[in-house]
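Q: Would you mind keeping the following structure in view while I ask a few things?
All of the numbers you see were taken from the coordinates with simple rules; none came from a lab. Everything numeric in this text was worked out from a predicted model, so none of it was measured. Every residue, glycine among them, receives a Cβ derived from its backbone with ideal geometry; neighbour counts consider all protein chains shown.
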Amino acid sequence: MDVTLHLAQDPDADALLGRSPLAALIGMLLDQQIPMEWAFKGPATIARRMGTQDLDAHEIVAFEPETFARLLSDKPAVHRYPGSMAKRIQQLCRYLVEHYDGDPEAIWRDVDSGPELLRRLEDLPGFGKQKAQIFLALLGKQLGVRPEGWRQAAGAYGEPDSYRSVADITGPESLARVRAFKQETKAAAKVAESARSAGRTKSSGG
């Protein structure tokens, strides 16, 4: 795997994401409750603090949990919740060691269909369906991993030019479009929740 990504909006961090499948997976894992580019800078920060140019699942698993948590907690912290994320990263790496001999690329190297790849991604600790679909879309759109039916398996995230997720970020302009989409989605969800709350109040009061 050696591609040019622009998810972190930082040359060194993006270079690591483009050559390391594990870094890309960890960035996807971190991508919640913090800005997208902060999440995808995380793997490079972790590698630097480990004193290595790359990330290796076996090495991460070998860390004492408290030591690895401190590594993520040092300022600037890798995530808003560095302790819980350190635990999740080690769980992910342990799963990769046990099921793929520590080689994350094996998840998709021999896969023959989009639904099967989605199932494998959903099996990863910390990956629900949405996160798995977004990563599947990233694999297909930017990393050249396109088994039969991958777009359908990725759902709306697999649609061309959809600007829904990190799978569509190729630079500052597309990052702004994805961020705008997320904000619109969040605003619409708030409106819908307010309407539901109003309906429940009216119903109970009636």
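Q: Restricting attention to region 108-131, which residues are small (Gly, Ala, Ser) and under 16 Å from residue 22 (Cβ atoms)?
A: To start, the set of residues in region 108-131 that are small (Gly, Ala, Ser) comprises 113-114, 126, 128.
Passing the criteria: only 126.
Q: Another question, if that's okay. Residue 127 is checked against (1) among the hydrophobic types (A, V, I, L, M, F, W, C); (2) outside any helix (DSSP H, G or I); (3) touching a Pro at 6+ places or on another chain (Cβ under 8 Å) and fails just one. What number does that condition carry?
A: In the conditions (1) among the hydrophobic types (A, V, I, L, M, F, W, C); (2) outside any helix (DSSP H, G or I); (3) touching a Pro at 6+ places or on another chain (Cβ under 8 Å), residue 127 misses (3) alone.
Q: A further question on this structure: Exactly one condition in (1) assigned to a loop (DSSP other than H, G, I, E, B); (2) surrounded by 14 or more Cβ atoms within 10 Å (Cβ to Cβ); (3) not aromatic (Phe, Trp, Tyr) is not met by residue 167; state its number.
A: (1)
Q: With the checklist (1) within 14 Å of residue 26 (Cα to Cα); (2) out of contact with any Lys or Arg (no Cβ under 7 Å at 6 or more places or on another chain) in hand, flag the one item residue 61 doesn't pass.
A: (2)
Q: Look through region 62-84, keep the residues that are crowded, with 16+ Cβ neighbours inside 10 Å and in contact (Cβ under 8 Å) with a residue 40 or more places away in the chain, and return whichever of them is farthest from residue 10 (Cα to Cα).
A: The residue in question is 81.
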